[in-house]
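Some notes on the structure that comes next.
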Amino acid sequence: MDRYLAGHPEVFMARKEMHHFGADLRFGSQFYRRDPSAYLNEFAGWNGQHRVGESSVWYLFSQQAAAELKAFNPEARAIVMLREPAEMLHSLYYSFRFDANEHLPTFEAALAAESDRRAGRNLAPQTYLAQGLVYRDTVRYTDQVKRYFEAFGRERVHVIIYDDLAADTAAEYRKTLEFLDVDSSRTRIQFGKINGNQDVKFRALRSLLRNRWLCSTVLAARPWLPRPIFTALQMVESRLRKFNCRPAERPVMAPELCHRLKREFAPEIERLSELLGRDLTHWSRDKSTPPAALSFPGVREQPSPEPAVLM
């Protein structure tokens with residue numbers, strides 16, 4: 001969605017994943033968190049577009065980001081995308097394996113290590129966000145979305161269900177443009193696959209690029225580096241990361257583990273259904289299981305076909 005919005009002539013999207021907000025997000029010293037001046041500099045390319053935004057997925061997880069964003073801009077609008085919890089965690093595990101935040105060899109082992117991670121144990125040398133390794137905490141969607149509803153009001157928060165985006169990308173894109181009050185007829189976007197599963201070509205190169213000491217040293221020197229030099233270093237790092245990527249099929253989750261996670265998350269999904277006024281309980285059912293007779297106030301009947309972008 002970030003890429004699609006950036007392609008609209010009335011929308012300016014700054015660099016992704018800056019995570020300037022969310023003081024409770026405990027990123028490692030190798031992660032570049034911009035001060036207010038550096039953050040605003042990322043929007044220097046704005047050229048009068050009607051909407052200006054950025055995408056940082058951990059704003060949704062953060063308990064403080066919504067309030068901080070409200071203080072920064074009370075008129076902001078938030079876009080939240082939610083994915084079925086078991087599938088989201090499986091995808092998150094492989095994303096973390098790719099960027100070295102996770103070192104355990106299997107998804108099952110990572111889930112079993114959550115209590116260790118909560119206590120700061122069993123982390124990789126390149127781990128940059130240990131909070132994210134307590135996987136189940138990341139899909140407490142109800143409380144996460146509720147924080148944005150309470151901060152901005154429901155009318156300023158647009159929730160996208162990933163299933164809907166996958167089923168009809170163009171339709172969900174148009175709804176998002178309408179939410180932003182920009183011309184929804186200007187949708188000449190190629191809706192190709194973006195951010196598919198990836199692996200690294202050379203693990204030694206990844207270890208160098210993710211080296212905590214090297215990255216933290218460069219970031220510590222940033223205030224004394226001329227901005228063009230620091231920008232050039234960022235560009236070199238970005239190109240090396242891109243060079244070191246290759247597409248890879250994500251392994252299929254073990255069926256029994258998938259079933260167990262779906263059952264475990266069922267109460268959370270019922271709470272989320274009530275909050276959104278939409279029945280999402282198919283997320284907690286196996287495809288062969290018939291739907292139960294559940295009722296949620298205000299639910300809109302819709303066929304069953306990751307955050308946050310903040311404007």
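Please treat every number below as a calculation from the coordinates, not as lab data. The shown structure was predicted, so the numbers you read here are calculated from the model rather than taken from an experiment. Positions of Cβ are backbone-derived with ideal geometry, glycine not excepted, and every protein chain shown enters the neighbour counts.
Using the Cβ-Cβ distance between Ile189 and Trp213 with R0 set to 41 Å, the FRET efficiency from 1/(1 + (r/R0)^6) comes to roughly 0.50.
Label-to-label distance, Arg15 versus Tyr94, with points set 7 angstrom from Cα along the beta-carbon direction: 2.8 nm. Counting neighbouring Cβ atoms within 10 Å and putting the fewest first, the residues Ile161, Ile229 line up as Ile229, Ile161.
Protection proxy ranking of 27-34, 139-146, by the mean of other Cβ atoms within 10 Å over each peptide's residues and highest first, is 139-146, 27-34.
If you bin all the Cα-Cα distances of the stretch 43-198 at 5 Å, starting from zero, the percentages per bin are 2, 8, 15, 17, 17, 16, 13, 7, 4, 1, 0. Here each label is just a point 7 Å from Cα along the line to Cβ, and for Leu225 and Ala171 those points are 4.7 nm apart. Compared with the direct C-alpha span, the chain from Arg26 to Glu108 gains 27.1 nm at full extension, assuming 0.36 nm per residue. Note that the stretch 41-98 shows a convex hull volume over its alpha carbon atoms of 136 Å³ per residue.
In terms of the mean number of neighbouring beta-carbon atoms within 10 Å, the peptides 170-182, 51-63 order highest first as 51-63, 170-182.
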